[in-house]
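The structure appears below as structure tokens.
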Amino acid sequence: MRVDRRTTLKWLLASIAAGQGGCAHEQPGKSLLGTAAAVDGAGYGTDPDLSNPVVPWSLTMTDAQLRVATALCDVILPADERSPAASALGVPDFIDEWISAPYPRQREDRELILDGLEWLEEESRRRFGDGFAAIGGVQQHALLDELAVPGDDPAVPPERVAFFRRFRYVSAGAYYTTAAGAADVGYIGNVPISGAYPGPSDAALEHLAKVLGELGLELED
């Protein structure tokens, strides 16, 4: 599923503090996944218009980079009996939006993520004879398990561990910003109720009384 840019921009603005932009470092030399376009356009400044979110920068990932990112998102956040896979919610489009944005945090993540995706593709082809998006789940997990625990394998470069950690963080941030992600963790905030407010539940009051008791305080009737 592809997500329109108005949606990804709202996710993005919910995740970052706005700043002014600049250009990012690009991958030098020949790349298996191609070279992402340069970051262009300025940021929103400090007062974005969320009622009319026109995106002032271009998306930059190549189709090949996006394909590997999609496969990686779905390994990290696969479909299960309760929730759809990350790609079904448009998380790869958010990744593209994130690393294309001209803000300092995103510029740092851009180099880390693009280099990491390139490395993942190289390793997949070297070990298994095919690209990361084409190999099986067992092979994908074999590659990623090496990156999951920092320092677990001294042969794995620390920047690759950092890439996987950051990619997971950004992917999860996008996923759980969606309605399906919020439902997956049982979040029920911002839901209107009809009629008079019923007050906190008995379970909430019991928890509050316990916390207050630990502080030497009492819950008033």
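Descriptive notes on the structure:
- Selection count, region 67-104, where residues are surrounded by 19 or more Cβ atoms within 10 Å (Cβ to Cβ), assigned to a helix (DSSP H, G or I) and among the hydrophobic types (A, V, I, L, M, F, W, C): 12
- Of all residues in region 183-201, those that are over 18 Å from residue 85 (Cα atoms) have Cβ atoms under 8 Å from Cβ atoms of residues that are modelled with pLDDT of 85 or more, 6 or more apart or on another chain, in 200/208.
- Leading residue by the ranking (modelled with the lowest pLDDT) among those in region 144-159 that are over 18 Å from residue 128 (Cβ atoms) and aliphatic (A, V, I, L, M): 149
- Among residues of region 170-199, those that are in a helix (DSSP H, G or I) and among the aromatic types (Phe, Trp, Tyr), counted: 1
- Residues of region 167-186 satisfying the condition of being out of contact with any Phe, Trp or Tyr (no Cβ under 9 Å at 6 or more places or on another chain) and closer than 11 Å to residue 76 by Cβ: 167, 168, 169, 172
- Among residues of region 50-76 being aliphatic (A, V, I, L, M) and at pLDDT below 95, the one that is farthest from residue 10 (Cα to Cα) is 59.
- Of all residues in region 156-179, those being surrounded by fewer than 16 Cβ atoms within 10 Å (Cβ to Cβ), over 17 Å from residue 118 (Cβ atoms) and of a type in the set (A, V, I, L, M, F, W, C) number 1.
- Odd one out for residue 107 among (1) out of contact with any Cys (no Cβ under 9 Å at 6 or more places or on another chain); (2) part of a helix (DSSP H, G or I): (1)
- Answer from 127, 166 - the residue that is part of a helix (DSSP H, G or I) and within 15 Å of the chain's Cα centre (by Cα): 166
- When residues in region 130-163 are screened for being part of a loop (DSSP other than H, G, I, E, B) and not small (Gly, Ala, Ser), 10 of them pass.
- Criterion (surrounded by 11 or more Cβ atoms within 10 Å (Cβ to Cβ) and either in contact with a Pro (Cβ under 7 Å, 6 or more places away or on another chain) or within 27 Å of residue 66 (Cα to Cα) (or both)) met by exactly one of 209, 182: 182
The values are calculated or read from the model by the stated rules, or taken from the named source; none is laboratory data. It should be emphasised that the depicted structure is a prediction, and the values quoted were computed from it without experimental measurement. Cβ atoms come from the backbone with ideal geometry, glycine included; neighbour counts cover every protein chain shown.
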